[in-house]
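Working notes for the structure below.
The values are calculated or read from the model by the stated rules, or taken from the named source; none is laboratory data. Please read these numbers as outputs of a predicted model, since none were measured by experiment. For neighbour counting, all protein chains shown are included, and Cβ atoms are generated from backbone atoms with ideal geometry for every residue, glycine included. Heavy atoms of the whole protein, side chains included, go into the accessibility calculation; ligands, DNA and RNA do not. Shrake-Rupley method; radii C 1.70, N 1.55, O 1.52, S 1.80 Å.
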Amino acid sequence: MRLVIVTGMSGAGKSTVLNALEDAGYFCVDNLPIKLLSKFALLCMEAGENENRRFSVGVDIRDEKALELLPGELEEVGRVGVDHEILFLDASDSALIKRYKETRRSHPLARQGRIEDGIREERKKMEFLREKADHIIDTSHLLVRDLKQEIERIFIEDEEFEDLYITVLSFGFKYGIPTDSDLVFDVRFLPNPYYIEELRHKTGLDHEIADYLRSFPETMEFEDRLTDLIRFLIPNYIKEGKNQLVISLGCTGGQHRSVMMAQSLYERLLNERSYGIRVEHRDIGSDAARGK
């Protein structure tokens, strides 16, 4: 039997997670009154004679007045013999504000005030749950499909999990450095395929660009050295409690060199991971879209 308690910041993706778990065969209950949590766990145990039965319950700030009862309920869940995991979904304030404005929904603690105030108050009230969490996923940069893939990896495929999600991002310096970057690497020292007519309209996702760039020894050396550096940094970031890492690689227009190098780093890290990872090419095609 497996019981997953899904919680976290409002707007961070709890409904998406519960839907993904339900699609995978979990019995899910959302917005369960906190004072019923231990009773629900006991019912799950009684119904879960089959060891493969899986349950999930959503708990959030909507049951604000009963939030102070949660530590006692969690203790009781353990006392009745139910092993449980807590998944805490988080996101940056700016990401949460953007989502609320896009959906035109009000924050449960904002009342008639500002969304920012509601988020600030919620963070304080939910901090103890974040500290208790077995898994923390920062969804600030995740698309719905990315989040669903992470849930499948952790709670369905049972892969080893570290509380870190990496975004490898290519960009063009002419369009600005991504403001949420943690690490920025300038790959403009590499030969520029733009100046070769037959390569100009291709991108770093085309093998012709990769073949051209890898014909220069500095490209291969940089790939190896960059990968070694990131492999060194990842466990240290995890040890320090970092949940989100954005690695940005930039060239002039974000079409050739940065795309190829970002894709290369992503593929090298993808199959040796216990963390989440995705690749994004922010400015690929931007010059074409602007008629340049």
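See the values below:
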read-out: Theoretical FRET efficiency, 1/(1+(r/R0)^6), r = Cβ-Cβ of residue 128 and residue 184, R0 30 Å, to 0.05; value: 0.30
read-out: Per residue accessible area in Å² of region 1-135, where ligands, DNA and RNA are left out and the probe is 1.4 Å; value: 54 Å²
read-out: Region 93-210: C-alpha gyration tensor shape, a/c 1.5 cut-off, then a/b vs b/c; value: prolate
read-out: ³J(HN,Hα) computed for each position of region 249-265 - Karplus, 6.51 cos²θ - 1.76 cosθ + 1.60, integer Hz, glycine/proline x; value: 10, x, 10, 5, x, x, 10, 10, 5, 5, 5, 4, 5, 5, 5, 5, 5
read-out: Computed helical MRE - 222 nm, the chain, DSSP H runs ≥ 4 contributing -39500 (n - 2.57), nearest 500; value: -13000 deg cm²/dmol
read-out: Spatially proximal lysines relative to residue 35 (Cα-Cα < 25 Å; intrachain offsets below 8 disregarded); value: 14, 65, 124, 125, 132
read-out: Heavy-atom surface of region 205-260, accessible at 1.4 Å and reported per residue (Å²); value: 47 Å²
read-out: Principal-axis tilt of helix 217-239 within the chain, Cα atoms, nearest 10 degrees; value: 20 degrees
read-out: Three-way shape call for region 36-143 based on the alpha-carbon gyration tensor, with the a/c threshold at 1.5; value: prolate
read-out: Degrees separating the helix 144-155 axis from the principal Cα axis of the chain, which is the longest one; value: 60 degrees
read-out: Solvent-accessible area, 1.4 Å probe, carbon plus sulfur percent, for the chain; value: 47 percent
read-out: Projected label distance in nm at residue 224 and residue 39, using a 7 Å step from Cα toward the beta-carbon; value: 6.5 nm
read-out: Gyration tensor verdict on region 14-88 (Cα atoms; rounded if a/c is under 1.5, prolate if a/b is larger than b/c, oblate otherwise); value: oblate
read-out: Folded to 0 to 90 degrees: helix 115-132 orientation relative to the chain principal axis, Cα; value: 70 degrees
read-out: Where only C-alpha atoms are counted, convex hull volume of region 180-275 per residue in Å³; value: 97 Å³
read-out: Highest-first arrangement of 143-156, 239-252, where packing means the average Cβ count within 10 Å; value: 239-252, 143-156
read-out: Convex hull of the chain built on C-alpha atoms - directionally averaged projected area, nm²; value: 17.4 nm²
